[in-house]
């Protein structure tokens, strides 16, 4: 494992009530004091949050609806077509287009299909009151599977307005090493859902043109460092091997190579690896950081806001299993410091985002989820 970490937890987590009745917690972190303020509550199985200019929040719920919040007003957008909701499937991530102010496009991923088979898909639409109009499916992974775990998915825009989209291995580890299968990969698409011609393996035989990287189990945190051009991801590898990864385009990130969990060992995968039947590339990209216990990382943000001067270039990572928020200080592909921000977890952390106004947000909970804003104390 690269780098070192300092597991310094919060010194205090004091919960008080705001004048509006929303919960507020004071966070004494290593470098600055924050207030954790609830800005949206009562969310059902939330997954992702998009924060639009002007303070409009969109929260996706796996049951198939989008909750919108603006100036203390809440609306529900439902009746989205073709979404198959099950234990881990349903409506997944949601982001606004980089040119949202001009086009109004909202992009989202979801489990497309029926009770017999599903695929992770990408669509977009435009907000019109409490409806999403002009909805069009842009992309669907090339192989449907029985509904179940590890569909994904996370979205992140790159500086050239191409869109990264993660797709899980659909609970079949060997698919992550099949580059003719979208499962177990991060894809790069243009705003119309097509593969850009400068994708790293666009014209290479044996690779789907949309593939940006492969060898992934279940990427549930994806973010782009716009200052450095780095792509970061976190993924649950199981058996205490969850990872923070610096993504290398056109490269194999290893799942299920050298993993001794029962899941990876099934179907004689380790024998296949030993005999060289799975891996044809000489290099497998190692993680920057490997967690020492199962945390099921979910949600990832790169901090570049001036509101957090002591955290410039840091990464914030959430956890489904521990309910923790982790702060990583990184130097290139080395971890210089790691801090646990919550002394008392508030529930499974689903997503972490930075808003256009520069505030950090954490989406926490399951059947009764809450969206929190991390506000620096003046």
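Where a number appears in this text, it was derived from the coordinates with a stated rule and is not lab data. The structure presented is a predicted model; accordingly, all values stated were derived computationally and were not measured. Note that we place each Cβ from the backbone using ideal geometry, even for glycine, and neighbour counts take in every protein chain shown.
Things worth noting here:
- Among 315, 56, 220: highest mean-square fluctuation, GNM of the chain, C-alpha pairs under 10 Å: 56
- Ordering of 288-300, 174-186 by packing [mean C-beta count within 10 Å, highest first]: 174-186, 288-300
- For the residues 366, 351, 116, a GNM of the chain with alpha-carbon springs under 10 Å puts the largest fluctuation on 116.
- Cα shape, the chain, gyration tensor, a/c 1.5 rule: oblate
- For 108, 139, the sequence from fewest to most other C-beta atoms within 10 Å is 139, 108.
- Selected from 229, 221, 151 as most flexible by GNM, with the chain as the system and alpha-carbon contacts under 10 Å: 229
- Rotationally averaged projected area of the stretch 81-157 (alpha carbon convex hull; nm²): 5.3
- Gyration tensor (Cα) of the stretch 73-121, equivalent ellipsoid semi-axes in angstrom: 24, 13, 9
- For the pair the stretch 208-252 / the stretch 160-190, the C-alpha centres are spaced 10 Å from each other.
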